[in-house]
Amino acid sequence: MKSSLLSLPGAVPAEGVDEGVAAHYGDLFREQRALADGTGFVDLSHRGVVTVTGDDRLSWLHLLLTQHVSDLPTGQATEALILSANGHIEHALYLVDDGTTVWAHVEPGSQEALIAYLESMKFFYRVEVADRTAHTAIVHLPAGSIAQAPASAVVRETPYGRDLFLPREELESFAAEAGPAAGILAHEALRVEQHRPRLGFETDHRTIPHELGWIGTAVHLQKGCYRGQETVARVQNLGKPPRRLVFLHLDGSEVHLPPNGAEIRLADDGPDGRKIGFVTTSVRHHELGPVALALVKRNVPVDARLMAEDTAAAQETVVEP
């Protein structure tokens, strides 16, 4: 989906998976500071939107998701994962139920595969799954924002702000009232600061929830069976995940940020040392400077000095070894 807000003054289109919305509107750090102060909004209208309706919607989703949602209160936000049979993360859903419908937003372009899986699991349950992406735009209001959500919007309120499921035809009128707009790069910088993983960035084909700290927030350990639960329970009770998420402070003298996938090595081993991890997201933060999230092997010492390609990095623990 290409956002109509790309016509706003100063809008620079994002690239890659976030193509379709603005990367920024001319001043990345100003936009970050505005969000941190609780003002403005972020256009996330490129994200996929999926709804589930029907009397069995919560009990049915409870069987499929990693989260406990059978008794999800109306209006309460939650997040959940869908795992493979081996416990690897396939989908991340950001949910709210409005009393008749479960609304979820997902990574751009992932809604078709998600819907295909959900449709295959309907059986005799009284549920209907729909792709609402063409009709619904996601808009993010930061924590502390006093902007009013339109009556037509479904609101998902979290500690990090409010996600609005907004009728797409109201996007421009909402932007005129809720400005200033902040781009996806500002949103990503705050996400990295908050150590929040993102599907497709902090994950690869073998990521399990424990590696990213998604246990508790997106994975409920006292619910019934779901696909991949055996892996979750085994790692939780008997072992440790093979990798762990870390937060990196990068050398600010470097002009370029290490890209997604940049190899990480121990600084003491030099440039020919063995790979011990990789950068998942790197950003320039308005206060912290260049920072990143990365996945490293679990046994990497927490005080080890690292190199992300040619950039020196100091780590902060996100997931305990």
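The values are calculated or read from the model by the stated rules, or taken from the named source; none is laboratory data. Just so it is clear, the model here is predicted, and its values are computed rather than measured. Please note: Cβ atoms are built from the backbone with ideal geometry, for glycine as well, and neighbour counts cover all protein chains shown. Heavy atoms of the whole protein, side chains included, go into the accessibility calculation; ligands, DNA and RNA do not. Shrake-Rupley method; radii C 1.70, N 1.55, O 1.52, S 1.80 Å.
Observations on the model:
- So Leu72, is it within 17 Å of the chain's Cα centre (by Cα) and in contact (Cβ under 8 Å) with a residue 12 or more places away in the chain: no
- The number of residues in region 104-120 that are assigned to a loop (DSSP other than H, G, I, E, B) and either open to solvent by 70 Å² or more (accessible area, probe 1.4 Å) or out of contact with any helix residue (DSSP H, G or I) (no Cβ under 6 Å at 6 or more places or on another chain) (or both) comes to 3.
- Within region 302-321, considering residues that are polar (S, T, N, Q) and closer than 11 Å to His249 by Cβ, the one most open to solvent (accessible area, probe 1.4 Å): Gln315
- Out of Val49, Val96, Val69, sole residue that is over 20 Å from Gly200 (Cα atoms), open to solvent by less than 10 Å² (accessible area, probe 1.4 Å) and part of a strand (DSSP E or B): Val96
- Residue in region 174-193 that is under 15 Å from His46 (Cα atoms), in a loop (DSSP other than H, G, I, E, B) and either in contact with an Asp or Glu (Cβ under 7 Å, 6 or more places away or on another chain) or in contact (Cβ under 8 Å) with a residue 60 or more places away in the chain (or both) present: yes
- Gly224 being open to solvent by less than 70 Å² (accessible area, probe 1.4 Å) and over 24 Å from Val300 (Cα atoms): yes
- Within region 255-301, the residues that satisfy the criterion of being hydrophobic (A, V, I, L, M, F, W, C), assigned to a strand (DSSP E or B) and surrounded by fewer than 20 Cβ atoms within 10 Å (Cβ to Cβ) are Leu266, Phe278.
- Check on Arg168, free of Cβ contacts under 8 Å to residues at least 40 places away in the same chain, touching a strand residue (DSSP E or B) at 6+ places or on another chain (Cβ under 7 Å) and either hydroxyl-bearing (Ser, Thr, Tyr) or under 27 Å from Val52 (Cα atoms) (or both): no
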